[in-house]
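Input: a single structure, listed below in structure tokens.
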Amino acid sequence: MSTALHQNPTRVRVALVTGAAQGIGRAIALRLAGDGLDVGVADLPAKLAALNGLVEEIEALGRKAHPIAADVSKEAEVQAMVDATVSALGRLDVMVANAGVASRTNPVTIMDVDIASWEKIWDVNIRGVVFCYKHAARQMVKQGDGGRIIGASSICGLRGFARTGGYCISKAAVRSLTQTTALELREHRITVNAYAPGVIETDMAVRKDHDDIHDPASAVKKFLKVAEFRTGQPADVAAVVSFLAAEDAHFVTGQTVGVDDGIHLS
């Protein structure tokens, strides 16, 4: 039996994107809307105004959108987020677990780590992705016609960088979770993949310890010792997600796709 989605050609597919108020998440939501999907857009309550603005942009593209305030580190809120998407837009075909955080403090080695600071990263980057995968999978299995689950890893999940242990651990966990979940859900025709951005020009690239606040992406590349590589744009990541979310990607699962100008070669 083909693993392609058995879609009703008259039915609009529905996506849910977390961390959608800005940066990569915003670009993904707009790209999927441009691809013809209706989109639930989720982020923290403090970013609801930005979500409402994004909804207006998506509606201007001729698609439906629904804003959802949610903290992905809290399972009950993730369950409610999925339920709200289904209630407002009818179903869930594509989950993009994009929300993530990085350390805003000076990077340290393992000898000086404060584990509490790492746990704050893990709450969003690991727990949040687990909850999104779990509740999206339950909804898609219930619907019975396949789906796409896509998570946010990083080049830091593909190779280690000194003094970024907490973040690297979290993104490596997403890669491993993506592989195991892909094997568990393949019988349901649900593909599970992740994207691993390199240095992308977003607000997350700004860190307190970077000297050049006017060119934060260059500062990140200098810190990671990858200055010779290009800086990507959120749209570059969104293009990869667009493919992974498409019906044509039915034969791709369990993969973490680098979007990094070749910083990491697999």
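The values are calculated or read from the model by the stated rules, or taken from the named source; none is laboratory data. Please read all numbers here as calculations on a predicted model, not as lab measurements. Positions of Cβ are backbone-derived with ideal geometry, glycine not excepted, and every protein chain shown enters the neighbour counts.
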>> Which pairs turn up if I take residues in segment 237-266 that are free of Cβ contacts under 8 Å to residues at least 24 places away in the same chain and look for partners that are part of a helix (DSSP H, G or I) with beta carbon separation below 7 Å, at least 6 apart in sequence or on another chain?
In response: PHE243/ALA249
> Which ranges mark the helices (runs of 4 or more DSSP H) fully within segment 158-266 that have 3 or more residues being modelled with pLDDT of 85 or more?
Replying inline: 165-185, 234-245
> Quick check: is even one residue across segment 158-173 closer than 23 Å to THR85 by Cα, in contact (Cβ under 8 Å) with a residue 40 or more places away in the chain and in contact with a helix residue (DSSP H, G or I) (Cβ under 8 Å, 6 or more places away or on another chain)?
Replying inline: no
>> Taking the condition of being within 18 Å of the chain's Cα centre (by Cα) and over 19 Å from LEU244 (Cα atoms), how many residues in segment 140-165 meet it?
In response: 1
>> Looking only at segment 158-184, filter to residues that are crowded, with 18+ Cβ neighbours inside 10 Å and out of contact with any Phe, Trp or Tyr (no Cβ under 9 Å at 6 or more places or on another chain); which one of those is nearest to LEU37 (Cα to Cα)?
In response: ALA182
> Out of all the residues in segment 108-129, is one or more in contact with a helix residue (DSSP H, G or I) (Cβ under 9 Å, 6 or more places away or on another chain) and closer than 21 Å to GLY146 by Cβ?
Replying inline: yes
>> Residue pairs, Cβ under 8 Å, 6 or more apart or interchain, first in segment 66-78 and closer than 11 Å to CYS132 by Cβ, second of a type in the set (Gly, Ala, Ser) and in a strand (DSSP E or B). List them.
In response: ALA70/ALA42; VAL72/ALA42; VAL72/ALA97
> Could we say that ARG63 is surrounded by fewer than 18 Cβ atoms within 10 Å (Cβ to Cβ), in a loop (DSSP other than H, G, I, E, B) and touching a strand residue (DSSP E or B) at 6+ places or on another chain (Cβ under 8 Å) here?
Replying inline: no
>> Quick check on my filter: what residues within segment 138-157 are farther than 23 Å from GLY198 by Cα and surrounded by 19 or more Cβ atoms within 10 Å (Cβ to Cβ)?
In response: GLN139, MET140, GLY146, GLY147
>> Taking the conditions exactly as written (over 22 Å from VAL259 (Cα atoms) and touching a strand residue (DSSP E or B) at 6+ places or on another chain (Cβ under 8 Å)), does GLY146 satisfy them or not?
In response: yes
> Looking at ALA88, ALA50, which is the one that is among the aliphatic types (A, V, I, L, M), assigned to a helix (DSSP H, G or I), surrounded by fewer than 18 Cβ atoms within 10 Å (Cβ to Cβ) and in contact with a helix residue (DSSP H, G or I) (Cβ under 9 Å, 6 or more places away or on another chain)?
Replying inline: ALA50
